[in-house]
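Read the figures in this text as sums done on the coordinates, not as results from a lab. The structure presented is a predicted model; accordingly, all values stated were derived computationally and were not measured. We place every Cβ from the backbone using ideal geometry, glycine too, and count neighbours over all the protein chains shown.
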Amino acid sequence: MFELEATADMLLPTPQAKASTDTPETRIEIVLVKAVLAGDRDSFGRLYELYAPMVHGILLARIPRSEVDDLVQDIFLHAFRKLHTLRDWAAFGPWIAMIARNRAMDFYRRTKETVEVTEDLQSMDMQTSRANEILELIRALPEAYRETLILRLVEGMTGPEIAARTGLTPASVRVNLHRGMKQLRKKLGYAEGL
Amino acid sequence: MNEEYLWDKSGEPDPEIQQLEQILGALRHQPKPLDLSDEVQPRSRNRYLPLIAIAATLLIAMIAGALWLRVRSKTVPQLNNVRIESPKRQQDIPNIDDKKTNDILATVPGKPNREPRPKVKEVKHSRTLEASNMTAVERQQALEAKEQLMIALRLTSEKLNLAHRKAQGASENQIRNQHKVG
């Protein structure tokens, strides 16, 4: 029943979907990118604060956790150098999200699939250990679901925030969250319908 | 499962989702300062670059065109002073005096008697080969070819007329027999 409602929701031009193209965040992005290109480095620091959790989440869905922090820094430095190539200043979020996804793919190309996405569980405390176990389960989900779920559950972003920053439609994010959560619950052994 | 809480954290909190948030929160991004001191300031994109590119392309095209025209004008033979007189056809047309023509026109009602037009020496074709460049045989061949072309054109014209008449006849017949069809 919900599946049908979700599909119909995706097709309808909802006010939320329209609003996502002109959110306050995109206006901030334009101002900040313009300021950075004019020579204001502090504005890039503000962009980093806004988008680092998203980039972190995207990487966490793909590469070992120990590599994520360094790669986040690399991605933002790369973005700083290449910022003049960004044509649509409002699309900073989708642009840097794409850089992050490409960098994650490059990571596996460079390491030639020798790296396993597993963590050293013994050196962690109980909570972190449990968190890594769940993270492994999320990483086993389809790509669309795992990225959205990590942004929601790990980085603490809401659905509308995920949509606004990644450039996905709110309807897609909603469906990905719902279906991803459903599959995760199955893997975790939670009873259906709770 | 509380869908609204999963979506935007509104409504009644879902205990399972809250528990997952709490556990996975340990992996959340820990903000670290971004060091941009060694980085070169990004260049501001030149907004006039596309216009400059278009202007440069047009300029190059114009220069290339001018050069091509100049080279072409040197290589193509000078044809402007050349003319060919039309053979025989000129002789076939009976020569009517202007005076006689005026007399005939005067008899036509409603047409004022016009002043005779000044005679203009008619130049049939400007782009023809210079007579001195052609031998007598070549000229004869050219004239024969022209005659053949004219015959072919007349033949084609006649056939087209015939086809047109047939088509007209057919449409008239259709109109006449329309009551029978309906």
* **Label-point separation in nm, A:ASP70 to A:GLU136, each point 7 Å along Cα→Cβ** => 2.3 nm
* Structure fact -> For B:ASN161 and B:LEU59, extending 7 Å from Cα along the Cα-Cβ vector and measuring point to point gives, in nm, a value of 6.1 nm
